[in-house]
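To keep things clear, I will list the structure first and then write my remarks on it.
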Amino acid sequence: MYSFIISFIYYLFLIILQFVLSKYISFSGIYPNFILMFIVYNALNKGPLKGELTGFLYGLTWDILSTDIFGIRTLTFTIAGYLAGKFNKKLNKNQPLTQVIVMGICLIVSQFGISLIYIIMPNDINSTSFELTHFVWLSVIFNLVLTPFVFKILSTIDKKLNYFHN
C-alpha cells in the first residue's frame, strides 16, 4: 500500500510539473520533459518491464491531456521506457554520463517516433506539421543538460523514502 501511495504522489507531482509548471519554465517553446526523465530514471533502476509500464501510463496520460495524435506519446514513451530498462544491469546508472547517454537515446527515439507518426498521419488540429527542426534539437540538448540534476533529485528522494519505509 505504501508503494502505491508513493507512486501515486509521484504521478500527480510529475503531471502537475509537466503540464502546469513547464509553461512557466520554458524558453522559447523549449521545455523540460520531466515525464520522460522520470520514465528513464525508473527504467534504469527497475528494469524494462517497469520502464514499459511507466512509459505507457505517463504516455497515455499525456495523450489524454493534449491535442496531439492520440497514442503518439503512449507508443514513444513505452518504447523509450523499454529501451532504457534494457540498460538496467549493463551500465553504471549512477554515472551522469551514462544517464545522459541513455536519456539522449530515449529522447532521439521519442522525437524520431513522433516525427514519423506526424509524417504518416498529419494532425488536423494544428495546421503546422511536426518536424525535426532546430527547436527539437535545442530541446534535446536542454533536456540532456537537466538530466543529471533531475536524476540526482529523484535518487535523493528514493533514498529518503526507502529510509522511512524500512
Any residue in the range 17-31 that is more than 21 Å from L154 (Cβ to Cβ) and touching a residue at least 24 places away in the same chain (Cβ under 8 Å) sitting within a Cβ distance under 7 Å of a residue that is surrounded by 15 or more Cβ atoms within 10 Å (Cβ to Cβ) and of a type outside the set (K, R)? List the pairs, counting only those 6 or more apart or interchain.
I30/S139; I30/F142
Among the residues of the range 9-24, is there at least one that is over 21 Å from N92 (Cα atoms) and among the charged types (D, E, K, R)?
yes
Can you find, within the range 1-36, the residue that is nearest to L53 (Cα to Cα) among those that are surrounded by 15 or more Cβ atoms within 10 Å (Cβ to Cβ) and among the aromatic types (F, W, Y)?
Y11
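Could you say whether any residue in the range 120-141 is at pLDDT 90 or above and not acidic (D, E)? If you could, list the steps in order and put the result at the bottom.
Within the range 120-141, the first condition is being at pLDDT 90 or above, and the residues that meet it are 141.
From what's left, not acidic (D, E): 141.
Checked against the condition, which is being at pLDDT 90 or above and not acidic (D, E), the range 120-141 yields at least one hit.
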Please determine, by comparing only the residues of the range 32-67 that are touching a residue at least 40 places away in the same chain (Cβ under 8 Å) and among the aromatic types (F, W, Y), which one is farthest from I105 (Cα to Cα).
W62
Quick one: what pairs do we get from the range 149-160, first residue within 17 Å of P96 (Cα to Cα), second hydrophobic (A, V, I, L, M, F, W, C), C-beta under 6 Å, 6+ apart or different chains?
V150/M37
Of all residues in the range 70-110, count the ones that are surrounded by 21 or more Cβ atoms within 10 Å (Cβ to Cβ) and either polar (S, T, N, Q) or touching a Cys at 6+ places or on another chain (Cβ under 6 Å) (or both).
6
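The values are calculated or read from the model by the stated rules, or taken from the named source; none is laboratory data. Here the structure is a predicted model, which means the values were calculated and not measured. Don't worry about glycine lacking a Cβ; one is built from the backbone with ideal geometry, like all the others, and counts go over all protein chains shown.
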